[in-house]
Amino acid sequence: MSIAAGTEIGNYRIVSKIGSGGMGQVFLAEDMRLDRKVAIKFLNEELGKDADKLGRFIQEAKAASALNHPNIITVFEIGSSDDHQYIATEFIDGITLRQMLDTKPITLVRALDVTLQIADALSSAHDAGIIQRDIKPENVMIRQDGRVKVLDFGLAKLSPDSAQSTEVTMPHLVTRSGVIV
């Protein structure tokens, strides 16, 4: 998928491509209504035609948007434009934990700080009955100010004892035993 800078999608104007992954591509955009930077993740076109992959994409947005925590990415909207499914989230000006670890050794104090922020985010998700299931350095970003943000809830699952009312998302959160997702 190639989206030119300046392209308008809903209330967003694309600025530039900032990354890509197995499920799609991420672009920096401007929210024209609220005059702020956002990140827009587009599901790959071929995956958007696969009901299971589309369900996981929507599940990611629903799982993350159900959480309100300073160390978990904020989801603003899910939508579609010209058959392209997208998630609009806060823009995180920083680097992934992988990039940080590959750049230079970090101090014990910094390692503990990052670890505690990740643990706090996961604990909050678990308290809400959501299990992230894909925690890795590529799914953790470190902002310029040092705040950690956990991303990518595409493989999230509700815990069996969740007290949440999740009739809409529950069918997408079932994983068969022995299946790699």
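The values are calculated or read from the model by the stated rules, or taken from the named source; none is laboratory data. Keep in mind it's a predicted model, so treat the numbers as computed, not measured. In case anyone asks, the SASA skips ligands and DNA or RNA and just uses the protein heavy atoms, side chains included. Shrake-Rupley method; radii C 1.70, N 1.55, O 1.52, S 1.80 Å.
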Heavy atoms of D52 accessible to a 1.4 Å probe, total area in Å² rounded to 10
90 Å²
Just for the Cα atoms in segment 29-78, what are the lengths along the principal axes, largest first, rounded to whole Å?
33, 24, 14
Could you let me know the centre-to-centre spacing of segment 43-114 and segment 129-148, using Cα atoms, in angstrom?
9 Å
Hey, which lysines would be in cross-link range of K62, C-alpha to C-alpha under 26 Å, not counting anything within fewer than 8 residues on its own chain?
K17, K37, K41, K49, K53, K136, K149, K157
Residues whose placed amide H lies under 5 Å from that of I18, excluding near-sequence neighbours
V26, F27, L28
Ranking I130, I18 from most to least accessible area with a 1.4 Å probe gives I18, I130
Working from the alpha-carbon coordinates of segment 1-45, get Rg over Rh, Rh being the Kirkwood radius.
0.96
